[in-house]
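Here the structure comes first, spelled out in structure tokens, and everything after it is commentary.
Coordinate-derived values only; no laboratory data. Predicted model only: the values in this text are computed from it and were never measured. Glycine also receives a Cβ, built like all others from the backbone with ideal geometry; neighbour counts cover every protein chain displayed.
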Amino acid sequence: MNVDDLLTETYDQLPDLVSAAVAGLGPDELCRAPGPGANPVGWLIWHLSRIQDQQIAELCGVDQLWVTGDRAARFGLPADPADPADTGYGHTPEQVTAVRPESAAVLVDYHRAVAERTRRFLAGLGPTDLDRVVDEGWDPPVTLGVRLVSIVADGLQHVGQAAYLRGLLRP
């Protein structure tokens, strides 16, 4: 297996994990935090999808899927304009509770659209692409390979948190 196939296989795990984490949950359950200051299932899935969308779009040099269509409104957020910088990173408790997905399907649909774009991006990578520096703001500078591993690691961590919370909501 080459590295491109390995990355694709890893990213391809996320959509099914996202679907399983939200399966059968209604809007109130998606927004129910397990305790003060904790993030609910819906926010966690929204956040992991937003991070992947923002970072893959930047790597592709295209607009984020988040800013197209009515996605923000379907998450209870201001739709005009959808804020491409709002990925949930650094959200206050009030901002967390403002993310109110209308259904589990909205979360799954958004993530699957992001996953499809990611898959197309990964399929177009060549053998030397992963060594390309994509962010010189760090020491050492961040390569494409490191960025891709970071994105999927973040996604896997958050979908695991969401799955655990789902188990608390629906034992």
Hey, can you rank 3-11, 103-111 by average C-beta count inside 10 Å, highest first? 103-111, 3-11
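Tell me which trypsin sites (Lys or Arg not before Pro) from region 1-98 have a DSSP coil assignment and no more than 15 other beta carbons within 10 Å of their own.
When the trypsin sites (Lys or Arg not before Pro) of region 1-98 are filtered for loop state and at most 15 Cβ neighbours within 10 Å, nothing remains.
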If the chain between A98 and D63 were fully extended at 0.36 nm per residue, the gain over the current Cα-Cα distance would be 10.2 nm
Cβ under 11 Å from E29's Cβ, E29 left aside: what net charge do those residues give with Lys, Arg +1 and Asp, Glu -1? +2
Mind jotting down the three principal axis lengths of region 54-167 based on Cα atoms? Whole angstrom, largest first. 42, 31, 26
Run the dipole for region 26-171 about the Cα centre, Lys and Arg Cβ at +1, Asp and Glu Cβ at -1, nothing else charged, and hand back the magnitude in debye, nearest 20. 580 debye
Using the Kirkwood radius over Cα pairs, work out the Stokes-Einstein diffusion coefficient for region 39-86 at 20 °C and 1.002 mPa s, in µm²/s as a whole number. 194 µm²/s
Please work out the FRET efficiency for the pair R119 and D139, using the Cβ-Cβ distance as r and a Förster radius of 41 Å; give the result to the nearest 0.05. 0.85
